[in-house]
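S.K.: Once you've had a glance at the structure underneath, I'll fire off some questions.
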Amino acid sequence: MARASRSSTSKWRYCHPSYYLKRPKRLALLFIVFVSATLVVWDRQTLVREHEVEVTKLHREVAYLHNLLEELKNVEGDTIGNTDSGKTNRPPRREVLDDSIDIQRREKVKEAMLHAWGSYEKYAWGQDELQPQSKNGVNSFGGLGATLVDSLDTLYIMGLHEQFQKAREWVANSLDFNKDYDASVFETTIRVVGGLLSAYDLSGDKVFLDKAKDIADRLLPAWDTPSGIPYNIINLAHGRAHNPGWTGGESILADSGTEQLEFIALSQRTGDPKYKQKVENVITELNKTFPADGLLPIYIDPHSGRTSYSPITFGAMGDSFYEYLLKVWIQGNKTSAVKHYREMWEKSMKGLLSLIRKSTPSSFAYICEKNGDSLSDKMDELACFAPGMLALGSAGYGPGDSQKFLSLAEELAWTCYNFYQSTPTKLAGENYFFHAGQDMNVGTSWNILRPETVESLFYLWRLTGNKTYQEWGWNIFQAFEKNSRVESGYVGLKDVNTGVKDNMMQSFFLAETLKYFFLLFSPPSVIPLDQWVFNTEAHPIKIMTQQDGKIVGDLNEKQKPFFRFRGRKEGRSD
């Protein structure tokens, strides 16, 4: 017992501090052992974390390959893109395995769409937009049923076929474009022509194509200028075109360079080249004097085709011109016939790099605006489409540039997400200023339910598989639910700091914001990016190949099923 006792005492004395305090060398030795052991533990933890990351990546790759294999099997499916009679060589896609959290979130988004649509149907049916607070409709776009037409593809994609069919009947029987109304060529193209073409591509119902042709024919005289640069306003009944007085008679860059996707698609589907010719002449004209940095001022003289001294921006009045340079290249299946679009876009991205600055102290990347040789530390929320555009276009570069632009996209997306997170309501203001030492400050403080940040999160999630972008999107969706949902739809905020509400449910909330939320929580086989390209109003348009100016493929091909679930712009604040 005594030996055992001594042995025990001898054993535990090494745990007593006095043993080491009286022996400095032993204390030093203990410290070295302790540090070494700690470093080993940290090393092991780091290795474990890295291992977990790699395992997660491998799981995603396995899941992706599994789904890809399943899609290649010729198994029957149903829903999106299903039509009654068309034939295609592409095998229909099989049921895609789905994440339970994504299913729940997607259903929440679908319920939000039903709430928005049901309110529009009840209080503003057939009118352009709903005023939810006063429960009435307004014709912001001349009475073209903007919200209804804008929502067609969203209803279809979400599987809300009863609502889609009712909207289809209204389009067939009540949509009339013979109106003595001065319409925005840009807004009418992206919302109405784009919405109708997308509904046609998804459903195969020719009524949508016929209506798209009708409205496009009414818009065409806008391009009858000496340079081919279109006037931005046209009377739908009489065909008289002009520019708004506040531009000094100039055409706007985004308004003139954001019809290419829709009008090229219309020529593809009708076989009539006149639509394509009008809009491609615009790019040909601009390409004659396209600058080395690819950055154009926002005003263009429709008589000479020359740009005027005016701001350069990726925000309002500039944004979607750059977007369409990339997307027409994608729409044309990246063939030699559309190579010049990609070349122009890459020049513009070099220019964009020259506009990037970082805030202090948090190093948020942002896109400046430029006037002459001066840079302004201001960024519109509208410019938050750029991260998605950069991510989408990054794959066309070699490995080095591809990673550089993808990394920039991720940095800008983080900034745009913080536009939301930096306010009391967690909703973004219209624009932000970056002052030294202050990171970001809200400039214009309203929020009108814009989609651009959610759009970029959708692209980044699709292209990287990083679920962080889904989490950010979910946080933004919840902020809309908390601050913008009212009894009769959704409204914007007059001030994102106070949460005071306005009285307008913008049509693009249903066309873009809710659609991108839904797709953010849907499998990649839903509107796959290798088969569809989104116009700037989030209307998916089927990709068809151009070769030597000719369209390759069956223009009347109906779409087969994609999957089966298991379970902007400028001037839109009116």
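The values are calculated or read from the model by the stated rules, or taken from the named source; none is laboratory data. Everything quoted here is computed from the prediction, not taken from an experiment. Positions of Cβ are backbone-derived with ideal geometry, glycine not excepted, and every protein chain shown enters the neighbour counts. With ligands, DNA and RNA removed, areas are computed over all heavy atoms of the protein, side chains included. Shrake-Rupley method; radii C 1.70, N 1.55, O 1.52, S 1.80 Å.
S.K.: Quick one: is residue 250 open to solvent by less than 40 Å² (accessible area, probe 1.4 Å), acidic (Asp, Glu) and over 21 Å from residue 507 (Cβ atoms)?
M.R.: Taking the combined requirement at face value, the residue satisfies it.
S.K.: Residues 444, 453, 423, 415: which one is in contact with a Gly (Cβ under 8 Å, 6 or more places away or on another chain) and either in a helix (DSSP H, G or I) or crowded, with 19+ Cβ neighbours inside 10 Å (or both)?
M.R.: 423
S.K.: Further question on the same structure: Please go through (1) surrounded by fewer than 22 Cβ atoms within 10 Å (Cβ to Cβ); (2) over 25 Å from the mean Cα position of the chain (by Cα) for residue 300 and return the number of the only condition it doesn't satisfy.
M.R.: Of the numbered conditions (1) surrounded by fewer than 22 Cβ atoms within 10 Å (Cβ to Cβ); (2) over 25 Å from the mean Cα position of the chain (by Cα), the odd one out for residue 300 is (1).
S.K.: Further, regarding this structure: Is it the case, given these coordinates, that residue 381 is on the phi < 0 side of the Ramachandran plot and in contact with an Asp or Glu (Cβ under 8 Å, 6 or more places away or on another chain)?
M.R.: yes
S.K.: Mind listing just one residue for me: the one in segment 525-546 that is within 16 Å of the chain's Cα centre (by Cα) and either of a type in the set (Phe, Trp, Tyr) or farther than 23 Å from residue 103 by Cα (or both) and, of those, surrounded by the fewest Cβ atoms within 10 Å (Cβ to Cβ)?
M.R.: The qualifying residue surrounded by the fewest Cβ atoms within 10 Å (Cβ to Cβ) is 530.
S.K.: Do we find that residue 218 is in a helix (DSSP H, G or I), under 24 Å from residue 323 (Cβ atoms) and among the charged types (D, E, K, R) in this structure?
M.R.: no
S.K.: From the residues in segment 317-343 that are open to solvent by less than 30 Å² (accessible area, probe 1.4 Å) and not in a helix (DSSP H, G or I), which one is nearest to residue 269 (Cα to Cα)?
M.R.: Residue satisfying both the conditions and the ranking: 332.
S.K.: Oh, and also: If I go through segment 256-280 residue by residue, how many of them are assigned to a loop (DSSP other than H, G, I, E, B) and either crowded, with 22+ Cβ neighbours inside 10 Å or modelled with pLDDT under 95 (or both)?
M.R.: 3
S.K.: Among the residues of segment 360-369, are any in a helix (DSSP H, G or I) and open to solvent by 20 Å² or more (accessible area, probe 1.4 Å)?
M.R.: no
S.K.: Output the residues belonging to segment 471-524 that are surrounded by fewer than 21 Cβ atoms within 10 Å (Cβ to Cβ) and among the hydroxyl-bearing types (Ser, Thr, Tyr).
M.R.: Within segment 471-524, just 498 meets the criteria.
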